[in-house]
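The values are calculated or read from the model by the stated rules, or taken from the named source; none is laboratory data. Note that the structure is predicted; figures quoted are calculated from it, not measured. Neighbour counts are summed over all protein chains in view; Cβ atoms, including those assigned to glycine, are modelled from backbone coordinates with ideal geometry. These accessible areas exclude ligands, DNA and RNA; they are computed on the full protein's heavy atoms, side chains included. Shrake-Rupley method; radii C 1.70, N 1.55, O 1.52, S 1.80 Å.
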Amino acid sequence: MTWSQMQPLLEQASWETLIMVGWSTLIAVVVGLPLGVLLVLTDRGGLLQNVVVNKVIGQVVNIGRSMPFIILMVALMSFTRWVTGTTIGSEAAIVPLAIGGIPFFARLVETAVREVDGGLVEAVQSMGGNTWTIVRKVLVPEALPSLIASTTTTVIALIGYSAMAGTVGGGGLGDLAVRYGYQRFEPDFMWITVALLAVAISLIQFAGDYAARTLHRRGGRGGAAPRLRLLRAKEPAASDVGKVA
């Protein structure tokens with residue numbers, strides 16, 4: 001097969017992979033972020049401590065993470081058909097990709113949020129901040145570099161999942177590699193597909209690492225320090241009130 005024959009196929013498959021990974025990542029982040037934060041909040045000693053809720057959510061996440069993606073795709077075929085009207089193609093593959101990505105990202109979010117300094121949480125609590133304020137002003141902003149790194153890891157994992165989805169008619173570069181590289185004995189096609197996936201993953205990892213490092217440096221210079229300075233500024237005001245009284 002010549003390059004002129006390969007090019008339109010590769011362009012179409014790359015676009016399908018981009019759509020699958022993009023939408024599934026968006027869904028995984030939108031659902032997985034609050035799920036991961038909730039796992040921290042409902043844990044023992046958390047702001048919304050509820051052991052039963054924590055165990056139920058944790059068990060659901062564990063089951064989702066433990067299931068191999070190929071099996072998950074097969075198990076969700078009826079649900080996928082109900083949502084998209086079909087079980088083949090890139091649109092259908094978004095459903096299992098998103099469902100597989102949600103528990104994966106949720107656990108990464110849980111780990112990232114647990115790394116936030118508890119002193120900052122206590123400081124905001126002492127200032128009268130409620131749970132929503134703590135999540136919005138402390139937990140998520142302080143964990144943002146780790147959350148960016150977690151998103152990068154999730155995107156790369158979903159690219160691998162999307163390649164596996166191609167083996168069962170999910171479309172994308174994986175489908176192209178199987179149909180042309182394996183079934184039609186076109187090794188050049190196979191290696192070009194592998195090279196495209198490798199380049200894409202390397203670029204995504206570089207961009208994610210750069211963004212995480214940039215946010216970490218900014219956070220180090222101006223993240224927790226302003227909050228602590230604000231607390232110190234309030235202490236003299238409180239002492240002055242006591243003297244007046």
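Being within 24 Å of VAL135 (Cα to Cα) and either free of Cβ contacts under 8 Å to residues at least 24 places away in the same chain or assigned to a helix (DSSP H, G or I) (or both): is that true of ALA13 here? So ALA13 fails the test.
Restricting the search to the stretch 156-181, which residues are of a type outside the set (Gly, Ala, Ser) and either touching a Phe, Trp or Tyr at 6+ places or on another chain (Cβ under 7 Å) or open to solvent by less than 20 Å² (accessible area, probe 1.4 Å) (or both)? Working first, answer last.
So in the stretch 156-181, the residues of a type outside the set (Gly, Ala, Ser) come out as 156, 158-159, 161, 164, 167-168, 173, 175-176, 178-180.
Matches in the stretch 156-181: LEU158, ILE159, TYR161, MET164, LEU173, LEU176, TYR180.
Taking the criterion of being touching a Gly at 6+ places or on another chain (Cβ under 8 Å) and either outside any helix (DSSP H, G or I) or closer than 16 Å to ILE159 by Cβ (or both), would at least one residue in the stretch 27-39 satisfy it? Yes; the residues of the stretch 27-39 include at least one that is touching a Gly at 6+ places or on another chain (Cβ under 8 Å) and either outside any helix (DSSP H, G or I) or closer than 16 Å to ILE159 by Cβ (or both). Can you work out which of the residues in the stretch 138-164 that are small (Gly, Ala, Ser) and in contact with an Asp or Glu (Cβ under 8 Å, 6 or more places away or on another chain) is farthest from ILE19 (Cα to Cα)? Among them, the one singled out is ALA143. Filtered by the rule that a residue be open to solvent by 40 Å² or more (accessible area, probe 1.4 Å), assigned to a helix (DSSP H, G or I) and not hydroxyl-bearing (Ser, Thr, Tyr), the stretch 99-117 gives ILE99, PHE104, ARG107, LEU108, ARG114. Among the residues of this structure, ASN50 does not count as one that is within 21 Å of ALA112 (Cα to Cα), touching a residue at least 12 places away in the same chain (Cβ under 8 Å) and among the polar types (S, T, N, Q). The single residue among ILE88, ILE71, ILE63 that is within 18 Å of GLY166 (Cβ to Cβ), assigned to a helix (DSSP H, G or I), open to solvent by 30 Å² or more (accessible area, probe 1.4 Å) and out of contact with any helix residue (DSSP H, G or I) (no Cβ under 7 Å at 6 or more places or on another chain) turns out to be ILE71. One residue alone among VAL138, VAL124 is open to solvent by less than 50 Å² (accessible area, probe 1.4 Å), farther than 29 Å from ILE99 by Cβ and in contact with a Lys or Arg (Cβ under 7 Å, 6 or more places away or on another chain), and that residue is VAL124. Taken over the stretch 199-220, the criterion of being free of Cβ contacts under 8 Å to residues at least 40 places away in the same chain and over 20 Å from the mean Cα position of the chain (by Cα) is satisfied by VAL199, ARG217, ARG218, GLY220. Going residue by residue through the stretch 35-44, is there one that turns out to be small (Gly, Ala, Ser), over 25 Å from GLY171 (Cα atoms) and surrounded by 19 or more Cβ atoms within 10 Å (Cβ to Cβ)? Yes, some residue in the stretch 35-44 is small (Gly, Ala, Ser), over 25 Å from GLY171 (Cα atoms) and surrounded by 19 or more Cβ atoms within 10 Å (Cβ to Cβ). A search for C-beta distances below 6 Å between a residue of the stretch 95-112 that is among the acidic types (Asp, Glu) and any residue that is assigned to a helix (DSSP H, G or I) and open to solvent by 10 Å² or more (accessible area, probe 1.4 Å), counting only pairs 6+ apart in sequence or on different chains, returns GLU110/VAL40.
Might you let me know whether the stretch 144-166 holds any residue that is at pLDDT below 80 and in a loop (DSSP other than H, G, I, E, B)? Let's see the steps before the verdict.
Step one: of the stretch 144-166, the residues at pLDDT below 80 are 166.
Add one more test, that the residue is in a loop (DSSP other than H, G, I, E, B), and what stays is none.
No, every residue in the stretch 144-166 fails to be at pLDDT below 80 and in a loop (DSSP other than H, G, I, E, B).
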